1. Check whether at least one residue in the stretch C:269-276 is farther than 24 Å from residue C:190 by Cα and within 12 Å of another protein chain (Cβ to nearest Cβ), and report yes or no.
2. From the residues in the stretch A:220-234 that are surrounded by 18 or more Cβ atoms within 10 Å (Cβ to Cβ) and modelled with pLDDT of 90 or more, which one is farthest from the other protein chains (Cβ to nearest Cβ)?
3. Output the number of the condition that residue A:195 fails; it satisfies all remaining conditions of (1) surrounded by fewer than 21 Cβ atoms within 10 Å (Cβ to Cβ); (2) touching a helix residue (DSSP H, G or I) at 6+ places or on another chain (Cβ under 6 Å); (3) more than 10 Å from every other protein chain (Cβ to nearest Cβ).
4. Kindly list, by first and then second residue, each pair from a residue in the stretch A:360-381 that is at positive phi to a residue that is surrounded by 12 or more Cβ atoms within 10 Å (Cβ to Cβ), limited to pairs with Cβ atoms under 9 Å and residues at least 6 apart or on different chains.
5. Considering the stretch A:346-367 alone, what residues qualify as being closer than 27 Å to residue A:274 by Cα and part of a loop (DSSP other than H, G, I, E, B)?
6. Keeping to the stretch B:85-101, report how many residues are facing chain C (nearest Cβ under 7 Å) and touching a residue at least 60 places away in the same chain (Cβ under 8 Å).
7. Testing residue A:167 on (1) touching a helix residue (DSSP H, G or I) at 6+ places or on another chain (Cβ under 7 Å); (2) buried (at least 23 other Cβ atoms within 10 Å of the Cβ); (3) outside any strand (DSSP E or B), one condition comes back false. Which one is that?
8. How many residues does the stretch B:168-222 contain that are away from chain A (no Cβ under 14 Å) and closer than 29 Å to residue B:14 by Cβ?
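The values are calculated or read from the model by the stated rules, or taken from the named source; none is laboratory data. This structure is a prediction, so every number in the text was calculated from the model and none was measured. Cβ sites come from the backbone with ideal geometry, for glycine too, and all protein chains shown count toward neighbours.
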């Protein structure tokens, strides 16, 4: 057994040494590095591609305009595999490079939850797109959100449906993952506050092949308006078709996924005349229009929130570093929190002390497959 | 009542999809005594082939034929690459190799075609018809129709044709079959081709309903596998009935018990069957070994 | 002649070896060094996470090496057991505020129970059913983790999981996990040489032979499955403490496949292989991250490698390496000489050892055995003959419990064994061989015979492994193969394999030895040797019931013959008289 142990020890030694070698090779360079965890593989690989493009576009613009602290910005992307263990490893890999000054985390709330303990340990700013309200309310001072959180999306859906569309009998439908559960809860609470508690609160599991029981439950509940939080576009597509086939034509206000490109392609006419809350709507502001133009020119696809938030995250982060005049984490943090009236693609950023940059949503309407901006609803609390 | 009828139709529709995939499982299992964990990926690959062929401008029927021919080819490659080299080993390595093959197929498609779900138009212009209180989706009607035809075809093929009888003989006793001058390896090859085509057929038929995505195969395959066991492993009629029963149980379970736990019903029913009636609805008693 | 003398001295201890713990001191020193290194090296976060993941995963993969490698059963739900342990620690230390240690133990117990129950419900079916049931279990566990929000926090997962006070720092916790790995690794490494481990290997190699050699096949499988689940739970608990966060997608079906692949890649048969496989499959994806710029490419290659490993390295990397190493060493230890074999068949007195009355076995409408009576006298050779299809082998299979009798009664030395499963019959003193040899093919001749010697209730074996080895050596020497004891079964000729099978039955010191066509496939010299061997066995007072076609052998060896035809007894009595019986003559002339 002697040889065994020696082999084993050599193997372990090699395993320990290799990352150090890789790291020391990376440690040189005269750029300012920003790390990004994005799903390059796994179920969200598609949106991951958009997110990386958005971030790269922003960094190109920043570099053209003089860079960060006079140096060129460099984006280092690690694949988070769309899983929680994946993002923990991806982030710890980035975190072990001491010259990375700031990070872009995930748009998925569970992943941000998973990496959060490591973020506290590291103590450097991480821009996130996950919309679970808790993320910025659990004492982690290093998370900064570049999208409005779900308490706002729930309130906007409820506000729009109750005040503008004047409907009071709500059916709430949400996926049972973290995103859907948090969203459904926020919507239900907002509706209850507005005096219109939902008549149906229904969860469903991701990747369901059939929604007939759900549609029939909505039909039976007598609801006159539907609010929804869908995670995956193919679920949304199947549901939308079955909803229409089974003759349910009540107004429908959905979470951002209802207006994303893939969903529009899959569901087609079944989503006509629905409303969606959108953190990104191309016509909602000058900043949104500007981003839309850049993105269309570069990527040849319509822009959406997957790319707009990373675009904003890079801009907010680089501006904050420039304003701080240093790569010191504490100073960058203060500079981010001091960011007010900053025009981004998603809207106007006014960071609060929790690290939330945006406080409202756009309502958009699906007009025969075209997404048109309807109104912006902003909250001040 | 209207509600129940609508649920019954959808349940049978989705159940027919499970049944088609289950049929592929059963045929390979009978011929080789191996469960092919890549059977679901056959459906997925076929759906993508169909999308590619339609986008290339082929008429729908021609795309359909091209996709099924592609599946036949995949069946050949699968047999030669995955099953054949391991045919003398126990079931365990073969199971694991098919799991490897399913990972390979799913991710090769992902690497080539990207992660975006695709839309495949259905066979019919009209999406469906309203019969009294029940809405009948035309694609589901087609799936149910095809399933019925396949049941009849399989019966005729295996009971009445010489090739079918040779296949039967091979699945029952390989040594005896080879003594009778049947080429066992040819029969196994034919089985893989037929199963790949069947799995592909299921994928192409269901694609307009569920969209074309990388994950579409694996979700269906797990249910289809459960259907196979519920029906009685190795029994063609059992696979069909098992599939239909599972679709209906699942749909009603979701409607009357819990939507989020919908996927759990299939597996609970399965475990119950394994404990109380392991031979399935139609199967014979699990053979005593001597 | 068969009266046993009490107080027969157990043969003196011939082999004196150092205590196990001393012999394995190098392992513990090596492990201690690793623990110290883990505790003192200042890893950065990334390396630390990788090492922690590798360490905890390896423990779970050890579990698979027990169930898959040792016992030959499949488990596609290891991630679920891993998850049970992880959630026990997660929920326990946060919501319930229970101490880490209690949670860790609790998680292990929950996993163990889940594994045992799952195993008990399906292990009788085995094979594909087991694969399917474990997948179902995996799916249900995942669904519950996601949907039982009140308990598991749903998809958000559990965060801020506590560690024990003793190991608060990252390094000390890693060192603790490495220590656990070393301990579990040691136990799993030595499991194959324990009674349970031998039973598992026997079940993997040949379930039927394991059963008739006194091993409770079903219980052995459940044990293997439960141990696997237990290790999964332990690993999960350690993982949860290490990463401080758990969520359902970490314990999905895909993760179970990853565990399985780790186990196969390294080599399913040994914990060293498990460690290698785990290390590689955690490090390789990290090194190959650049491949991931094309979605799916990395996993496609991964899938391809699974197929290639199965095809070309069936025993995994470690199996491959250790095979090459063994060939290079190519020296097999010569076993020590052994004492003469003592056979002391148990007896309650009386003239009849085996009394079979009215025995029937029907398969549907076919009456393979129909109302047969046999009385085997103590201390002689009794032959059961008959033309092909007369029901001889069926009778033997009913006697040894492989078939359940349709009617009738079987009494062995005063004990009614009619309703016992095979392993209990063996415990009651029945030994048998098979017409088509059923040896445990991955083991050495000695190990095969040791399994026989290990039969419950064998009074001829003292305590401890050394006594067992000694008994097995005696039996092998008795059949003339003592010098080749440490060779693998595959290196023996057909005739010698048959002798090993007989030695395996003799080592168990049976009350009655059933020989199923022992002369089949032997050449004339070998037949002569077999005849001599039977004489020597009979000389020690062991009763033999033999089935054979070879009339010369039967007529020379047997004092008493029972003849079957069409499932019925057509003659019975003293050899010469029976062979001249007109019905017997016509049965043979009529059909052969």
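1. no
2. Restricting attention to the stretch A:220-234, the residues satisfying the condition of being surrounded by 18 or more Cβ atoms within 10 Å (Cβ to Cβ) are A:223, A:225-234.
Next, only the ones that are modelled with pLDDT of 90 or more stay: A:223, A:225-230.
Values: A:223: 16, A:225: 20, A:226: 15, A:227: 16, A:228: 14, A:229: 13, A:230: 13 Å.
Per the criteria, the residue is A:225.
3. (2)
4. A:368/A:269; A:368/A:272; A:368/A:273; A:369/A:264; A:369/A:268; A:369/A:269; A:369/A:271; A:369/A:272
5. Of everything in the stretch A:346-367, those that are closer than 27 Å to residue A:274 by Cα and part of a loop (DSSP other than H, G, I, E, B) turn out to be A:346, A:347, A:358, A:359.
6. Final tally of qualifying residues: 3.
7. Here residue A:167 meets the rest and fails (2).
8. Let us first name the residues in the stretch B:168-222 that are away from chain A (no Cβ under 14 Å), namely B:168-201, B:204.
Now drop any that are not closer than 29 Å to residue B:14 by Cβ, which leaves B:171, B:191-201, B:204.
Of the residues in that region, 13 qualify.
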